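One structure is given here, and the rest of the page talks about it.
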Amino acid sequence: MDELKDPRKTFGEALVAAAQKNDRIVALSADSSGGSGMTPFREKFPGRHFEFGIMEQGIMGFASGLATTGKIPFFAAIAPFVTARPFEMFRNDLGYMCQNVKVVGRCAGLTYSDLGATHQSLDDIAIIRTIPGVTVINPGDPVDIVKAVHAAAEHIGPVYIKIGSPKMPVLMDENYPFKIGKGVVMEAGNDITIIATGTLLSKAVVATKALQKKGIHPRLINMHTIKPLDKELVLKAAAETGKIVTVEEGYLAGGLGGCIAELLATEYPTPMKMIGVDDQYADAGPYEELLAHLGLQSEQIADTVEQFLNMN
């Protein structure tokens, strides 16, 4: 937890490494290569880097066209502008056409905090996971980001990767086997299960340690892939621990919590508590203060888990 890394820089470095192994990878940007961490790619592969204006809907179509020629486009820009703004093109040009395009939403969740609701992407997982055939990955630390980029490059089909902006602590071992659709058990407790994803994984790690000091032993799962969901791991945790808490930097409706609730309701009804953002537009302000305002800081997560565990 001591080492912090910039997620956008980490993404950019991983994309360069992937492109060195595969010359079919190209990078697309909507007037924001620098902000997306893709300056090293532009410098290393100028002929494979395309900088457009602010025209995300058109870039989706362009990326789809490139994919038909055998290229593997990575299109990175501010998260709501590659999900909500061009949703129809994402659905039709990439999803419906099954195009091998990788879309990266950066500064996701609340991490573009000072710019307010227009730049915050709390609904991206909810809307993109409705598109048939699209893989949705929400990396929880810099190691996850690197592995997600390489896995997406090798995966055939459209992928959405969600990354934040503030520096992230390194949580995972660099040698752990990342696999799309497979969650990772980080703590093997049996009192209750905490399933966390993305930028709030580090908060869930701290919350888990605080609970352990109180004699509570949660099972902590890093669910880096939202779609396809690791159903086997979720059902096993539900059966063995009896209660599930989900933690995410996104809306409760349709996100990780909603995805898991849908599974449990149909296959193994289990008491659940979802920690995330309720039905509201978040305020603008400093990132950590916003998290606290919404009950998403580590100590708040720990308190919520403990209260839920003690409920009859």
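The values are calculated or read from the model by the stated rules, or taken from the named source; none is laboratory data. None of the values given here were measured: they were computed from a predicted structure. Please note: Cβ atoms are built from the backbone with ideal geometry, for glycine as well, and neighbour counts cover all protein chains shown. Heads up: the accessible areas ignore ligands, DNA and RNA and are worked out on the full protein's heavy atoms, side chains in. Shrake-Rupley method; radii C 1.70, N 1.55, O 1.52, S 1.80 Å.
Below, the figures for the structure above:
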| read-out | value |
| --- | --- |
| Within segment 198-242, trypsin sites (Lys or Arg not before Pro) in DSSP loop having at most 15 other beta-carbon neighbours inside 10 Å | K214 |
| Heavy-atom surface of segment 166-312, accessible at 1.4 Å and reported per residue (Å²) | 45 Å² |
| Mean Cβ neighbour count within 10 Å, used as a protection proxy, ranking 35-45, 143-153 highest first | 143-153, 35-45 |
| Cα gyration tensor, segment 191-297 - rounded (a/c under 1.5), prolate or oblate | oblate |
| Residue list for segment 216-255, given a label point 7 angstrom along the Cα-to-Cβ vector of Q280 and an amide N cut-off under 20 Å | 246-255 |
| Global form of segment 43-184, assessed from the alpha-carbon gyration tensor, a/c cut-off 1.5 | rounded |
| FRET efficiency estimate (nearest 0.05) - Cβ-Cβ, N175 to T118, R0 41 angstrom | 0.55 |
| Angle in degrees between helix 298-310 and the longest Cα principal axis of the chain, rounded to the nearest 10 | 50 degrees |
| Cα long-axis angle, helix 7-21 against the chain (0 to 90 degrees, to the nearest 10) | 50 degrees |
| Accessible area of segment 149-232 belonging to carbon and sulfur atoms, whole % at 1.4 Å probe | 52 percent |
| Principal-axis tilt of helix 56-68 within the chain, Cα atoms, nearest 10 degrees | 70 degrees |
| Listed peptides 189-196, 15-22, 154-161 by packing density, highest first (mean Cβ within 10 Å) | 189-196, 154-161, 15-22 |
| Debye log10 I(q)/I(0) for segment 164-221, one point scatterer per Cα, at q = 0.19, 0.29, 0.31 Å⁻¹ | -0.74, -1.28, -1.34 |
| Helical mean residue ellipticity (222 nm; -39500 (n - 2.57) per DSSP H run of 4+; nearest 500) of the chain | -10500 deg cm²/dmol |
| Rounded, prolate or oblate (a/c below 1.5 giving rounded, otherwise prolate when a/b exceeds b/c) for segment 236-312 by Cα gyration tensor | oblate |
